[in-house]
Structure formats: C-alpha cells, structure tokens
Amino acid sequence: MPILTFKNFIVSGLFIFAFILCAWSVIISRQGPVKDNFLNPDAYMEDIVAFIINSEGKLSLKIESPKLIHYPENDRTIIQKPHLTFYRHSTQPWYIDSDKGVTLEGATTVKLISNVVIHHPKDAKDPLTTMTTPSLLIYPDKKIAETKDPVTITQLDNIVDAVGMQANLDNGVVKLLSQARGRYVPN
C-alpha cells in the first residue's frame, strides 16, 4: 500500500504543477503583449489648427483636426478627420478631407485613409474641381498627391473615372495613371 500512496503523491504533485503552469500561462496572456513605444503614444492634441510656413515665409499648409495622437515608434502620428489646406500660387487653395490620416517619417509623407475628398474652388485659371478616392499619399514638401486606387474627378458637367492619379498641388496639373473614362453629365 505505501507504493500506491507514493504514486498517488507523485501523480497529484505533477497534476498540481501542471495546473499552476496553466494558471500562470493564462494570467500572463491576459496581461497582453509587452508594451513598446509603438503602443504607447507620447503626445496627443485636440482641436488642432497648425500652420506650415515655406522657406519664403509664406503660408504653405494648414492642418485642422479634432484629435492627433503621436507615437514615437517610426515617428507616426494618427490624425482623426484631417482637413488640409494647401496654399499655392493660385488665388484658391486645395482642400483635402478624409476620415483618418497618418503621418509617416515625421511629416514627410501623409497617408489619408477612407473617404478622401480633394476640392479646388473655381478661380481665374481652373474650374471647380472635386476628386474622390479611398486613399491618398501626400508629400507636403513637394506639394504632390498620389493614389493607386480608383479616383473620380468632377469638373462642371464632366466626370472622369480612373485608376491611379498624381496631382501637383502647386500648379494644379493632374495626371491619370490608367483606365481613364470620361462622361458628360449635364445638370
């Protein structure tokens, strides 16, 4: 009988050890992954209105957002409902809105995500222009905007659908990359 008791003791001990090991594993997994700088923002701002001045001292870009969160990892900033105004040599600036934005590599690249609307009011040189696309990459220093996604451009009664676009926000030149189709839709 003593051997049976010793076996029960060993089996019970192994069972308890396995139970403790499982409980410890569950507790560790509920704490989540180890936090790093990417998961911990180092700054956030609300009700932002920021102005960027070019090397000539002239207003170049205005950024408005209800909330902005900065992460030190990769120097990324998440922008909620960004509204960008690109000032140029024309009398009318370009206005760009989207649901979400992310600055990459500081602010050298801005990626706008979801429901991007690019708007340019009529001026002496260009007609009223509206472009829509799911996403847009903007290079603020170069005043270039581009997408590989479908884009719809509306000017007066003309609607052009294309896939991919590059726009120079300074001189207003828009280059469609592929599958461009236009249609006339009178009001």
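Of note:
- Residues whose placed amide H lies under 5 Å from that of residue 60, excluding near-sequence neighbours: 52, 53, 54
- Neighbour net charge for residue 115 - beta-carbon separation under 11 angstrom, K R +1, D E -1: 0
- In order along region 97-107, phi translates into HN-Hα couplings of 10, 7, 6, 8, x, 9, 8, 10, 6, x, 10 Hz, rounded to whole numbers, per the Karplus curve 6.51 cos²θ - 1.76 cosθ + 1.60 with θ = phi - 60° and x for Gly and Pro.
- For residue 67, the amide hydrogen comes within under 5 Å of the amide hydrogens of 47, 48, 80, counting only partners 5 or more places away or on other chains and with H modelled in the peptide plane.
- When region 43-184 is described by a simple charge dipole with +1 on each Lys and Arg Cβ and -1 on each Asp and Glu Cβ, the residue from 86, 177, 110 located farthest towards its positive end is 177.
- In order along region 116-125, the Karplus-derived 3J(HN,Hα) couplings, from 6.51 cos²θ - 1.76 cosθ + 1.60 at θ = phi - 60°, round to 7, 10, 10, 10, 10, x, 4, 9, 5, 9 Hz, and Gly and Pro are given as x.
- Summing +1 for each Lys or Arg and -1 for each Asp or Glu among the other residues whose beta-carbon sits under 13 angstrom from that of residue 141 gives 0.
- Those lysines that a straight Cα-Cα span of less than 28 Å connects to residue 81, excepting residues fewer than 8 apart in one chain: 35, 58, 62, 67, 100, 111, 122, 142, 143, 148, 175
- Counting neighbouring Cβ atoms within 10 Å and putting the fewest first, the residues 86, 51 line up as 51, 86.
None of the figures in this text is laboratory data; all of them are computed from the coordinates on show. All values reported here derive from a predicted model rather than from experimental measurement. Please note: Cβ atoms are built from the backbone with ideal geometry, for glycine as well, and neighbour counts cover all protein chains shown.
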